[in-house]
1. Relative to the present Cα-Cα distance, how much length would full extension add between Trp116 and Lys54 at 0.36 nm per residue of separation?
2. Straight-line reach from Lys81: which lysines have a Cα under 27 Å away, not including same-chain ones fewer than 8 places off?
3. Give the residue list of chymotrypsin sites (Phe, Trp or Tyr not before Pro) in region 71-108 that are DSSP loop and have at most 13 other beta-carbon atoms within 10 angstrom.
4. Which part of region 87-126 falls in the paramagnetic zone of Lys71, meaning amide N under 11 Å from the point 7 Å along Cα-to-beta-carbon?
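Nothing in this text is a laboratory measurement; each read-out follows from the coordinates by a stated rule. Source: prediction; values computed, not measured. Here the Cβ is made from the backbone with ideal geometry for all residues, glycine too, and neighbour counts use every protein chain on show.
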Amino acid sequence: MLNAANYLDWTIGVHGISITFTHPFYNAVSNNSSHTPLSSTPTGFGSSGATRKKYSACYLPDVIPAQGWTKLEAIDSAIHKSGWSGAINDDLRRSIQLKRFQSFKGTVTWNQYVEWRKAQGGKVDS
């Protein structure tokens, strides 16, 4: 996997995408050294660690063109797939760490598989 320069640095139909991001509130708090942990915790978040939640999702290269998505639609779908239920905006998209990758899909016949499996010392149930 290669780190992308930004969330749009990949090609539909060529690359699969893997995204990760941390809850945006935690990013804002952790990047501001003037706050203390107690003063920067909003009501409702407490000390449960909810703000530290990481989100991640992945799409194989053939999924995005099969769905007919644009890059932005694919990114937004991946954000939802990760479990994020909040609003999606450009700030959230820019906070994403995106890795792109390529894959290969091959096919073999049953007989080719059986031959390979036996050559590897494995059993094949008929």
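1. Length difference between fully extended and current span is 18.3 nm.
2. Lys53, Lys54, Lys71, Lys99, Lys105
3. Loop-located and lightly packed - Phe104.
4. In region 87-126, the label zone of Lys71 (backbone N under 11 Å from the point 7 Å along Cα→Cβ) covers no residue.
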